Every structure is written in C-alpha cells, then in structure tokens.
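Here the structure comes first, spelled out in structure tokens, and everything after it is commentary.
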Amino acid sequence: MILIIGLNKMKTPILTIAIPTYNRIKFLTDKLDFLINNYNPLFEVLVIQNNSDKDKLISINEYIEYQYIKIINNEKNIGANLNIIKCIELSNTKWVWVLGDDDEINKDSIKNILFDLDNNKKDLLCINYSTSIHTHKRETILNNLKHFFINLNNYKTSCSNILFISANIFNVNEFKKNIYFGVNFSNSFAPHLAILFAATINSNKKTLLSKKKIIISHDNDENLKWSRYAFAISIVKLLDLEFFKKQEMKKYLKKFISNIVSSPLNSYFLSYNSGINKTERKQNNYKLYKVYLEINNNFLLIHIIFILNSFFLSFDIFNKILNKLKTKYKKRLGK
C-alpha cells in the first residue's frame, strides 16, 4: 500500500528532505512539525515509513493540507539501508538531504542549505556539513577520490562526519546513476558511501566540506546507539568495491575504515556486548579479529589483543573489572 500526499506543482523545489523511518512516530512528528514551521518553497518533504506498525504510523489526515509533504509506507520492511537508498531513488529534485528522524536540526540549517544550493555554482556531487561530531576547519573542495581520502584521513572525526548520513546533501542525478553500488553494498552499513565513491570516480564531480553546522547527532544517547560490533563487521565489505582493486586506493580506504570503527583496544567490549554467552562472544571475537587484520598493518598488536580478549571472555568477572576500570578512566578524562 502506498499512501501519497501530492506535491505543490506551483513551486519548483531544489531540495528533497527525505526521512527514512520505522516505528518512531514521536521523532517523526517532531521532525515534521519543525519542517512545517520552517517551510520554504525551495524544499519538499519525503517520508518513507518502513512498514511501521499500525499504531506507529503517522496519520495521513493530519498532513493532508501540506501539499509539499509526500508520505510512503513500504508494503514490507526492506531494512534501514535499503530504505535510505529508496529515499534517493524517489527524490525528484536536484538535491536530497536524507535526514535521520532522531537527528536535531540546527535553527538556521535549512536556510543555510538552501542558500548554498541556490547560489553555489561549483560542480558538486556532495556537500558534507559540520555537525556535533566534527566541525570542518575551513571550506574545502575535494577534487577526486584520492584527494577525498587524503583530506579526511587526517582527522578521525571528519571520517565519521561523512559517514553520518544526515550531514550530507547529495546530487540526486549523479547518485541515481550510481545507485547500483548502494544496492549491492547495502549490507555495508554505509550504502551512501559506496554510491559517493562510485559517483566521485564516474562523474568527476567534487565534494564540498562546509564549516556550517547543520545537525546534532544523538549517537551518544544509549537508547539510540546502533551496534558498533555489527558496524565493524559490515563496513569492511566496502573493500570489495571494484574500483579499490589498486593497492594504493585500497590503502586509503583501509585507513578511512580504521578511522571510523572502534579502536582495537575496545574490541573486548564489542565482543562481550554482542554475544549472549561465552561461545558466541568468542566467535564474535574471532570475526572482529579478521576485520582488524584487514584494516590494520600491525599484525602482532592485533594478534596479542585478540588472544587476550579470548582469555578474558572466558570469565564474566573480567567484564565487571574492565568496565569499572573503563569507567574510572573516563572519569579521569572528564567524560
């Protein structure tokens, strides 16, 4: 079943604000209220509910008067990553902002984004804005994929910032041309990066890093945090992208991935929290071991860390001890 609220044909919007969502009606209604209160005819809104439960679907009648809002309910749950890709596929404007339903928008974000899109004459593929994760020190144009990696790999947080989907504005036409890569690598936890890498090579268009801060991430909210174990296991699949076969480019990508996964020193906690018993935790520890071998050149260090992990995972008491030590360490750092 597809439920649609028609778009206002009197306007010619340049930006689609696309919100993929599942069972988070409170976040979604708060976001829609914000967009309604800050409406500008240069944007339209696309909501794709990923087969949410009936009691957690937004009311169609409540938004029927807003002709710039389009609402779709998937007939089945296609997963979060494919729902993100669907947001890009169904966008009909020149630009798309795939916005997490729980991410807080800064007061002037929409005004700043629309100004940039309406006035920026550069041949752009993507704009990566500053966020609560990372503030770009200056406005920078990344001319090609090598330049992209060299620049971002200088700062771990800048790598995390471009991974953060809500921090990016994408060129719809160029992303649609390369949507195949997102679909094929939807299990990487970062399908938009697969598309961005492909489009950077195939279009010769550029990525802009902007100092303007548009979003506040809720990544530190324990209730919203996604599995860092699942992410680490999945993101390395990007190494299989066909255009990273050259060793030099793969080296840059490995560094990029190592910047956005947890430190190997945190791998014990990833393994422990991802398993329900000793056997499963040890299996997950081995999977993580293979991941870190792929992206880290220090074989001896990785080998030692994961041997120790395997030993510690045999005794639940070590988790209590290490957690206490970790808590004390964070307190000393003022975190």
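The values are calculated or read from the model by the stated rules, or taken from the named source; none is laboratory data. This one's a predicted model, so the numbers in the text were calculated from it and none came from an experiment. When we count neighbours, we look across all protein chains shown, and the Cβ atoms used for this are built from the backbone with ideal geometry, even at glycine. Accessible surface is based on the protein model in full, side chains and every heavy atom, while ligands, DNA and RNA are left aside. Shrake-Rupley method; radii C 1.70, N 1.55, O 1.52, S 1.80 Å.
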Can you tell me how many residues in the stretch 128-158 are open to solvent by less than 10 Å² (accessible area, probe 1.4 Å), in a strand (DSSP E or B) and among the hydrophobic types (A, V, I, L, M, F, W, C)? 1
Condition (residue is within 16 Å of the chain's Cα centre (by Cα) and on the phi > 0 side of the Ramachandran plot) applied to the stretch 166-180: is it met by at least one residue? no
In the stretch 159-188, the residues that are more than 24 Å from Lys246 (Cβ to Cβ) and not in a helix (DSSP H, G or I): Phe164, Asn168, Ile169, Phe170, Asn171
I'm checking my understanding of the structure. Among residues of the stretch 114-125 that are outside any helix (DSSP H, G or I) and open to solvent by less than 20 Å² (accessible area, probe 1.4 Å), which one is nearest to Asn171 (Cα to Cα)? Leu125
So which helices (runs of 4 or more DSSP H) stay within the stretch 208-324 end to end and still have 2 or more residues that are within 16 Å of Ser188 (Cα to Cα)? 228-235, 247-260, 278-295
Within the stretch 89-97, identify whether any single residue is in contact with a Cys (Cβ under 9 Å, 6 or more places away or on another chain), open to solvent by less than 10 Å² (accessible area, probe 1.4 Å) and not small (Gly, Ala, Ser), and answer yes or no. yes
Conditions: (1) open to solvent by less than 60 Å² (accessible area, probe 1.4 Å); (2) within 16 Å of the chain's Cα centre (by Cα); (3) closer than 27 Å to Ile110 by Cα. Ser210 meets all but one. Number of the miss? (2)
First in the stretch 173-187 and closer than 19 Å to Thr93 by Cα and among the acidic types (Asp, Glu), second anywhere and crowded, with 17+ Cβ neighbours inside 10 Å and at pLDDT 95 or above, Cβ under 8 Å, 6 or more apart: Glu174/Leu125; Glu174/Ala199
Of all residues in the stretch 16-69 being in contact (Cβ under 8 Å) with a residue 24 or more places away in the chain and basic (Lys, Arg), the one that is surrounded by the fewest Cβ atoms within 10 Å (Cβ to Cβ): Lys56
Just to be sure I understand the filter: pairs with C-beta atoms under 6 Å, separated by 6 or more residues or on different chains, first member in the stretch 299-313 and at pLDDT 95 or above, second member surrounded by 12 or more Cβ atoms within 10 Å (Cβ to Cβ) and of a type in the set (A, V, I, L, M). Which pairs pass? Ile302/Leu293
Show the residue pairs meeting these rules: Cβ distance below 7 Å; 6+ apart or different chains; first residue within the stretch 110-131 and within 23 Å of Phe197 (Cβ to Cβ); second residue part of a loop (DSSP other than H, G, I, E, B). Leu117/Ile14; Asp123/Lys205; Leu124/Lys205; Leu125/Lys205; Ser130/His136; Thr131/Phe164; Thr131/Ser217
Which number in (1) within 29 Å of Phe189 (Cβ to Cβ); (2) in a loop (DSSP other than H, G, I, E, B) marks the one condition that Ser59 misses? (1)
Out of Lys335, Lys324, Lys282, I need the residue that is of a type in the set (Lys, Arg) and modelled with pLDDT of 90 or more. Which one? Lys282
State which residue is farthest from Asn168 (Cα to Cα) when the search covers only the stretch 64-113 and only residues that are part of a loop (DSSP other than H, G, I, E, B) and of a type in the set (A, V, I, L, M). Ile64
